[in-house]
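> Quick one: the structure is below, and I'll ask about it shortly.
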Amino acid sequence: MNEIEIGRGKRARRAYSFEDVAVLPNRRTRDPEEVSTAWQIDAYHFDLPVMAAPMDSVMSPQTAIEVGRLGGLPVLDLEGLWTRHEDPTGLLEGIAAAAPEDARAVLREAYAAPIQPDLIRARIAELRAAGITVAGALTPQNTKQFWRDVVEAGVDLFVIRGTTVSAEHVSSQSEPLNLKRFIYELDVPVIVGGAGTYTAALHLMRTGAAGVLVGFGGGAAHTTRLTLGIQAPMATAVADVAAARRDYMDESGGRYVHVIADGSMGRSGDVVKAVACGADAVMLGAALARAEEAPGRGFHWGAEAHHVALPRGERVAVGTVGSMEEILLGPGNHADGTTNMIGALRRAMATTGYSDLKEFQRVEVVLSDYKGS
């Protein structure tokens, strides 16, 4: 019923972004102090339903420790500058200082150094020593090469993250990663993505993943829609993957796979709507790149920006709005949803009468033709 004809030979399904939807109050309200935003995946409990994106503009070992201290789950990019260089501080300063026309060349030069297994182990050890839950991310292309270093170093949660990750990668050039066998043989929970459709997510759930990342092509630093023509409008994508979670629970006899929205959540209202559409947690990139402590120094970029053959991202200016604590927990110093993001989620849940995240997934959602006025 959501399909429309875009021409005599093609029909398209209508899809919606977070900007297209809004949540409605219910008959009941609650005290915000009595609302829980806690989230648990596998044996790991977090006060905040937030994963910090494994991007060098967001996560250094120091900011990862800070996010963990605040109650979130930091994810370090194990293919980033911190595993290619002993001290990338000067490189990060150079990336931030580069003129717009030079930024891509500066990024490519910074990431030209090879990934060092010893540095992967050292960074994970640094996080473990701080006493936080340790999560590290690799792309599917590099998982086969470096997974043993990651696991033996003592990672708690393993994240396999790419622009799009499928359970069935076909290649005649090399043996692809068999996700189902890999996850089955691994001793730690695996979170995998991105996925943007019901079918893709359902297949990832069947691999045994503990969580599925939802989204690709919609992040602030991505140009995937411009270069590849691919995008997953996030409200629809999260709702579709939440439906896959429900059906997989029936299929598997009750196994629950966490749905984690990843992309298009620069402000607190987007986080609210992600949970309302069915997400258990969110992965924040640009929102946390605005922190005073963020390594990007007011800029944000992903691995797609320095791809050698086909860049699908860029360095973008996101500015600085406050400390990591102010962005996540407040106090809010801006009225635009860029600070006290969890406080906003808590108040939205209280205003609509829900006491925890699972309940809030049942909130009524409406289409809202909002134009900013």
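> Out of Ser17, Ser36, I need the residue that is more than 17 Å from Asp262 (Cα to Cα) and of a type in the set (Gly, Ala, Ser). Which one?
After ruling out the rest, the residue left standing is Ser36.
> Just one of Ala98, Ala129 is farther than 18 Å from Gln62 by Cα and not aromatic (Phe, Trp, Tyr); which is it?
Ala98
> Restrict the check to region 355-367 and report whether at least one residue is modelled with pLDDT of 95 or more and within 16 Å of the chain's Cα centre (by Cα).
no
> For Ile260, work out the one condition from (1) in a helix (DSSP H, G or I); (2) within 21 Å of Glu304 (Cα to Cα) it doesn't fulfil.
Just one mismatch for Ile260, condition (1).
> Could you tell me whether Glu304 is closer than 24 Å to Gln62 by Cα and outside any helix (DSSP H, G or I)?
Judged against the criteria, Glu304 is not a match.
> Could you tell me whether Val282 is under 23 Å from Ala38 (Cα atoms), part of a strand (DSSP E or B) and under 15 Å from the mean Cα position of the chain (by Cα)?
Spelling it out, Val282 is indeed under 23 Å from Ala38 (Cα atoms), part of a strand (DSSP E or B) and under 15 Å from the mean Cα position of the chain (by Cα).
> Could you identify the single residue in Ala289, Ala276, Ala281 that is touching a helix residue (DSSP H, G or I) at 6+ places or on another chain (Cβ under 9 Å), under 30 Å from Trp82 (Cα atoms) and touching a residue at least 24 places away in the same chain (Cβ under 8 Å)?
Step by step, each of Ala289, Ala276, Ala281 is checked, and only Ala281 is touching a helix residue (DSSP H, G or I) at 6+ places or on another chain (Cβ under 9 Å), under 30 Å from Trp82 (Cα atoms) and touching a residue at least 24 places away in the same chain (Cβ under 8 Å).
> I'd like to verify a number: residues in region 6-37 that are among the charged types (D, E, K, R), part of a loop (DSSP other than H, G, I, E, B) and within 20 Å of Ala235 (Cβ to Cβ), how many?
Of the residues in region 6-37, 1 are among the charged types (D, E, K, R), part of a loop (DSSP other than H, G, I, E, B) and within 20 Å of Ala235 (Cβ to Cβ).
> Given the structure, is Leu76 in a strand (DSSP E or B) and either modelled with pLDDT of 95 or more or closer than 16 Å to Gly296 by Cα (or both)?
yes
> Run Val308 past the list (1) more than 18 Å from the chain's Cα centre (by Cα); (2) surrounded by fewer than 24 Cβ atoms within 10 Å (Cβ to Cβ); (3) modelled with pLDDT of 95 or more; (4) at negative phi and report the number of the one that doesn't hold.
(3)
> Could you grab me the full set of residues in region 106-124 that are part of a helix (DSSP H, G or I) and over 15 Å from Ser60 (Cβ atoms)?
Hits for region 106-124 are Val106, Leu107, Arg108, Glu109, Pro117, Asp118, Arg121.
> So which residues in region 193-216 are touching a residue at least 60 places away in the same chain (Cβ under 8 Å) and at positive phi, if there are any at all? Explain how you work it out, then say what you get.
Kept after step one, since they are touching a residue at least 60 places away in the same chain (Cβ under 8 Å), are these residues of region 193-216: 193-194, 210-211, 213-214.
The one that is touching a residue at least 60 places away in the same chain (Cβ under 8 Å) and at positive phi: Gly193.
> Find all pairs meeting these conditions: Cβ atoms under 7 angstrom apart; at least six residues apart or on different chains; first residue within region 78-92 and over 12 Å from Leu107 (Cα atoms); second residue surrounded by 11 or more Cβ atoms within 10 Å (Cβ to Cβ) and among the β-branched types (Val, Ile, Thr).
Short answer, once both residue conditions are applied: Leu78/Ile120; Leu78/Val150; Glu79/Ile115; Glu79/Thr139; Thr83/Ile115; Thr83/Ile120; Arg84/Ile115.
The values are calculated or read from the model by the stated rules, or taken from the named source; none is laboratory data. The structure presented is a predicted model; accordingly, all values stated were derived computationally and were not measured. Please note: Cβ atoms are built from the backbone with ideal geometry, for glycine as well, and neighbour counts cover all protein chains shown.
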